[in-house]
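Structure, as structure tokens:
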Amino acid sequence: MRSAEDAVGRLAERLASFLDELTDDLRAGWSRGAADRWLDRARALGGDVERVDRDLDRAEESVRLHPRGLAARAARPRLRAGLVGLEHCYVSLRNICRALLDRAYFVPEDEESGPYPQDVRDALADVLGTLARATRSAGAFSAGSQPADATRTAVVTCLAAAVEQRDRLAQLLAVHPEVDQGAWQQHGALLAGIDRLRVEIEAVVTPSEQAWQPTPVTEAPREAVRRAVAGSTRRPARDRRRRR
């Protein structure tokens, strides 16, 4: 399972680096061009997720064929929970970038930087930077590259800080829907994406405690036989209908 662990760790690092670079761009400024670029980059992360999924599938198959791979079987719930959580983190990142894009295109072109003044961008960068650190620690937990208790504690600490930063951001973005319906919806989508990202990072470090039991090697042939038998029992009825 080592290759799968490495792959999950690299995926977490890629997501964390994405967040770090996005925070740097937010602090420097914002525009429609930046919003377009970051949404494209977020969508491209889907290829990384698919590759890690294939790596883990191959690892699970190798364990299924290795009757004494007890240590690898014990690692599987941690890795699968990590991959599922990181996959959902990728979706949340894409939604966050989409919310930023929608807001940039909602206002006139000469006001494209207006919806997110410096104090708002700094607050957003703060919470995303904290979530980047949480993602790295979650990846280390899932990959087993650092002690589990230490990485889980680091994630919990970062997420607690992210809640406070998110609340501060929400105060800065507060707008009454009757005053600006579009801003109310778009800011709400941005905050919802941040909340979802925080939840999914936490899910990475809370894997199932149930032991994984791979499907027996003989199960696939047995299932094929069952389908063949079931099909053969139905054919006489169809043949009788034809004869009538």
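The values are calculated or read from the model by the stated rules, or taken from the named source; none is laboratory data. Not measured: the values here are computed from a predicted model. All Cβ positions, glycine included, derive from the backbone under ideal geometry; neighbour counts span all protein chains shown.
For region 169-183, which residues satisfy the criterion of being surrounded by 14 or more Cβ atoms within 10 Å (Cβ to Cβ) and either among the hydroxyl-bearing types (Ser, Thr, Tyr) or modelled with pLDDT of 90 or more (or both)?
Scanning region 169-183 gives Leu169, Ala170, Leu172, Leu173.
Only residues that are farther than 12 Å from Ala34 by Cα and either surrounded by 20 or more Cβ atoms within 10 Å (Cβ to Cβ) or not assigned by TED's automatic domain parsing to the domain that holds Gly188 (or both): list them for region 88-102, please.
Result: Cys89, Tyr90, Ser92, Leu93, Ile96, Ala99.
What about Gly33, is it out of contact with any strand residue (DSSP E or B) (no Cβ under 8 Å at 6 or more places or on another chain), free of Cβ contacts under 8 Å to residues at least 60 places away in the same chain and closer than 26 Å to Tyr105 by Cα?
So Gly33 fits the description; yes.
Please go through region 159-175 and give me each residue that is touching a helix residue (DSSP H, G or I) at 6+ places or on another chain (Cβ under 7 Å) and free of Cβ contacts under 8 Å to residues at least 40 places away in the same chain, ordered by number.
Passing the criteria: Ala161, Ala162, Arg166, Ala170, Val175.
Can you tell me which residue in region 130-150 is nearest to Leu22 (Cα to Cα), limited to those that are within 16 Å of the chain's Cα centre (by Cα) and of a type in the set (A, V, I, L, M, F, W, C)?
That would be Ala132.
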